[in-house]
Amino acid sequence: MNIVRQVPTKGTLRRIFKRIIFGKRVHCPDCGSRSIKKILSEERWRCGRCRLPFSIKSSSWLKGTKLSLEQVWLLLWCWQKKFSIQHAMNMTELSYPTVFNWYQKFREKIPKEKLDALLKGNIACDEMYTKGNAVIGAKQKGTRNIALKVVHQKSVERHHAVNFLTQFVKANSSLFTDGAAIYKGIDKWHKLKHTYEIPSKFEFALTAEIEGLWACLRTFIRRMYHHVTRYKLEDLVSEFCLRFRQDEIFENPENYLRNCLSPKPFAL
């Protein structure tokens, strides 16, 4: 794979980052003044009003990083393409902690509103169990609209199911489950039309889509992160949800930066 093709030139990268962070004209990230002056080169500026020196990186959550814009772009591209940490290390020649921490940073900077989803219509619901944790999930049948929630204990209880469905599934939807006891009488707490099947009788048609989702989640974690601690599971489940819904921020680095590279707010 030709890595050079994945990274724009230094000048192009500067234009992309400047446009996303500052808009049409560079301004002071502290007071908002457009009365600025370049310092020696195009790398830094100084505000004519508050005298603050600033740069592209210091004006956003990139502040403090020693990586170049080219390295940040390539790391972001690797993360978007679901390259494992080891693969990204080989491509970028960066250390394991550096790649690991930047992958985490890319997840954390996704706006929370993009992680929310309200399902409606025909909904399949099920649970997945891991070592010491459980995940309850729902999928809007025939679509890529999903919602998953980690339960930090060995099993999902009825109150977990009620809270989850109330939060993520619209009232008057049709709910399909495998007949687990936690869904019994769900219509008493949330207005849903509940239909269930019995797996022991080889009935799988209603929940096949959500069962397939668990296989995709396990494969995603194993291939990209190899393993996950119970404390990181919630982060990776959120990332998987967003990827599965094919949000535009995973199409290319520029789309991610437009959505997630928030400039520093002006000081009041």
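The values are calculated or read from the model by the stated rules, or taken from the named source; none is laboratory data. Only a predicted model underlies this, so the values are computations on that prediction, with no experimental measurement involved. Please note: Cβ atoms are built from the backbone with ideal geometry, for glycine as well, and neighbour counts cover all protein chains shown.
Please pick out the residue among R51, R15 that is of a type in the set (D, E, K, R), more than 16 Å from L261 (Cα to Cα) and exposed (fewer than 15 other Cβ atoms within 10 Å of the Cβ).
Details: R15 fails: more than 16 Å from L261 (Cα to Cα).
Matching residue, one of R51, R15: R51.
Considering only residues that are surrounded by 15 or more Cβ atoms within 10 Å (Cβ to Cβ) and not in a helix (DSSP H, G or I), which ones fall in segment 200-215?
Once the filter is applied, which keeps residues that are surrounded by 15 or more Cβ atoms within 10 Å (Cβ to Cβ) and not in a helix (DSSP H, G or I), segment 200-215 yields L206, T207.
Can you pull out every residue in segment 149-164 that is under 22 Å from the mean Cα position of the chain (by Cα) and surrounded by fewer than 13 Cβ atoms within 10 Å (Cβ to Cβ)?
H152
Between a residue in segment 157-170 that is under 15 Å from D126 (Cβ atoms) and any residue that is of a type in the set (D, E, K, R) and surrounded by 14 or more Cβ atoms within 10 Å (Cβ to Cβ), which pairs come within a Cβ distance under 7 Å, given they are 6 or more apart or on different chains?
Qualifying pairs under 7 Å: F164/K149.
In segment 216-255, how many are surrounded by fewer than 14 Cβ atoms within 10 Å (Cβ to Cβ), more than 23 Å from W73 (Cα to Cα) and within 13 Å of the chain's Cα centre (by Cα)?
Matching residues across segment 216-255 total 0.
I'd like the full set of residues that are of a type in the set (D, E, K, R), over 17 Å from E127 (Cβ atoms) and out of contact with any Ser or Thr (no Cβ under 7 Å at 6 or more places or on another chain), limited to segment 171-199. I'd like the intermediate steps shown before the answer.
As a first pass, look at segment 171-199 and keep what is of a type in the set (D, E, K, R): 178, 184, 187-188, 191, 193, 197.
Applying the additional criterion that residues be over 17 Å from E127 (Cβ atoms) yields 187-188, 191, 193.
Within segment 171-199, D187, K188, K191 meet the criteria.
Only one residue in T195, T177 is in the same structural domain as V151 (by TED's automatic domain parsing) and touching a helix residue (DSSP H, G or I) at 6+ places or on another chain (Cβ under 8 Å). Which one?
After ruling out the rest, the residue left standing is T177.
Do you know which of the residues in segment 137-160 that are within 21 Å of G179 (Cβ to Cβ) and charged (D, E, K, R) is modelled with the lowest pLDDT?
So, considering only residues that are within 21 Å of G179 (Cβ to Cβ) and charged (D, E, K, R), the one modelled with the lowest pLDDT is K154.
Would segment 198-219 turn up any residue that is touching a helix residue (DSSP H, G or I) at 6+ places or on another chain (Cβ under 6 Å) and farther than 30 Å from C31 by Cβ? Outline the logic, then answer.
Keep residues of segment 198-219 that are touching a helix residue (DSSP H, G or I) at 6+ places or on another chain (Cβ under 6 Å), which gives 217.
After this cut, where a residue has to be farther than 30 Å from C31 by Cβ as well, the list is 217.
Yes.
Mind checking which residues of segment 165-199 are assigned to a strand (DSSP E or B) and crowded, with 20+ Cβ neighbours inside 10 Å?
Here is the first cut: in segment 165-199, the residues assigned to a strand (DSSP E or B) are 169, 174-177, 193-196.
Scanning segment 165-199 gives V169, L175, F176, T177.
With closer than 27 Å to I210 by Cα, in the same structural domain as K193 (by TED's automatic domain parsing) and part of a helix (DSSP H, G or I) as the only criterion, which of V156, V135, V150, V162 stands out? Explain how you work it out, then say what you get.
On the way: V156 fails: part of a helix (DSSP H, G or I); V135 fails: part of a helix (DSSP H, G or I); V150 fails: part of a helix (DSSP H, G or I).
Exactly one of V156, V135, V150, V162 is closer than 27 Å to I210 by Cα, in the same structural domain as K193 (by TED's automatic domain parsing) and part of a helix (DSSP H, G or I), namely V162.
Which of the residues that make up segment 216-250 are touching a residue at least 24 places away in the same chain (Cβ under 8 Å), in a loop (DSSP other than H, G, I, E, B) and more than 18 Å from V99 (Cα to Cα)?
Across segment 216-250, the qualifying residues are R230, R245, Q246, D247.
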